[in-house]
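The values are calculated or read from the model by the stated rules, or taken from the named source; none is laboratory data. Worth saying up front: this structure is predicted, and the values here are computed from it rather than measured. The accessibility values were calculated without ligands, DNA or RNA, using every heavy atom of the protein model including side chains. Shrake-Rupley method; radii C 1.70, N 1.55, O 1.52, S 1.80 Å.
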Amino acid sequence: DEVISGQPSWNITSGAGEISDTASLSTTITKLIQDNPAFLKFSISNGVCPVSTRNLKIERKELMVYDGFSPNNDGINDELWSVGLANEEVDFKLQIFSSSGSFIREIKRKDIKEIDSKNNQVVLWDGTTNLGGVGNFIPDGTYYYVLIVNYHGENFSKKGYIIVKR
């Protein structure tokens, strides 16, 4: 039988990181290094029962939305790219708003047409809105976004701004 209660213990077996409470059932790990996995060992013991052990791999990945682009069809920086969304297990929704708070566009994973899996990047936006018809270009300016990411059933959000300059 497996031990499910008792004295817990967390240890980092390899990689970087810092465990906040090594003797708690739940803990927090900080100081992870991007793209450098940390391997942890969780053990729980209870009297004469055999110790139950689990090994975990934790990897910190970058999630970044670039803060500007120039959709003027000159072949340079014409699309808004994002890092960290190429993995098919990552589902997301990007909502874009004008500086006055008006809704401009919503983009979901299924809408993505260009994916660079090697560099974990996707083209998020081409600078158009679907309001008033498909493919209408938005004017130059600062736009705000909310990116809602779902990874293995957990939701994370990121907010920021995008400068559009043709």
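With contacts taken as Cα pairs under 8 Å at a separation of at least 6 residues, region 64-133 carries a relative contact order of 33 percent. Dividing the mean sequence gap of close Cα pairs (under 8 Å, 6+ apart) by how many residues region 19-156 holds gives a relative contact order of 18 percent.
Of all the accessible heavy-atom surface of region 44-132, with the other protein chains kept in place and a 1.4 Å probe, what percent is carbon and sulfur? About 46 percent, which is the carbon plus sulfur part of the accessible surface. Beyond 25 Å in Cα-Cα separation lie the following of the pairs K108/K158; K110/K158; K31/K113; K113/K158; K93/K113: K31/K113.
In whole angstrom, the chain maps to an equivalent ellipsoid with semi-axes of 44, 15, 14, each derived as √(5λ) from the alpha carbon gyration tensor and ordered largest first. Largest first, the three principal axis extents of the alpha carbons in region 67-152 are 34, 28, 23 Å in whole numbers.
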